[in-house]
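Below is one structure, written out as structure tokens, with a few remarks after it.
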Amino acid sequence: MPAHEPELPPPTAGSPSSTVDEPTFRLAAAWPYVGAVVGGITLVLVVGLVFIAKPMATSAKAQASSNGDDASTNVAGEGQKGKGGRFLTNRKPAKAEIPRAKTAVLVLNGSGTAGAAQDVAERLQENSYPIVAATNAAHPDYQRTLVLYRNGFRGEAERLARDLGLGWKRVAPLDGMKRRELGQARVVLILGG
């Protein structure tokens, strides 16, 4: 028969309950909670970076492309459809068929700056462009200057954009204006901020 160890009485207040140090035991018991908190914070940071960094990168990319209006850029609104639904092209500039002296321009001030349309119209007249009118656009909050062209006058619009120091990305087909609003204008210049 094996020797039976005597039973110890339950610990009383002030007597040590075991051989494990109590603060160390409490710290060891808290580690799963510390790990969960640190893991949760890490998860929030990673998710935050995904939702903040990606839009910021997209915004920076859009800003860079709107500032880099040179003809060597490969993304445009025509050509073969590429990855992500964007159109890829090696867009060649259109050739202007008529001289500046016959390219009538309508100048619209969409910048909100008083007198801007008249100032630009005078500059264009000095470069032989006939001006149909220089007036305010329907809205004074255009973000960028645009050169819009009537059907068949893309080359003339691109030449005007080059004369003004704008890239070809600022040139687009004219849409939304009635013939009576255009008069004899072949190209519409909308000044932006």
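The values are calculated or read from the model by the stated rules, or taken from the named source; none is laboratory data. The structure presented is a predicted model; accordingly, all values stated were derived computationally and were not measured. No Cβ is skipped: glycine too gets one built from the backbone with ideal geometry, and neighbour counts run over all protein chains shown.
Numbers below:
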quantity: Counted residues, the range 169-190 - those being outside any loop (DSSP other than H, G, I, E, B), more than 25 Å from Thr113 (Cβ to Cβ) and touching a strand residue (DSSP E or B) at 6+ places or on another chain (Cβ under 7 Å); calculated: 1
quantity: Meets criteria (part of a helix (DSSP H, G or I) and either surrounded by fewer than 21 Cβ atoms within 10 Å (Cβ to Cβ) or in contact with a strand residue (DSSP E or B) (Cβ under 6 Å, 6 or more places away or on another chain) (or both)) for Gly155; calculated: yes
quantity: Set Thr103, Thr145, Thr135: member being within 16 Å of Leu191 (Cα to Cα), at pLDDT 55 or above, among the polar types (S, T, N, Q) and over 20 Å from the mean Cα position of the chain (by Cα); calculated: Thr135
quantity: Qualifying residue in the range 128-151 (condition: within 19 Å of Ala94 (Cβ to Cβ), basic (Lys, Arg), in contact (Cβ under 8 Å) with a residue 12 or more places away in the chain and out of contact with any Pro (no Cβ under 6 Å at 6 or more places or on another chain)); calculated: yes
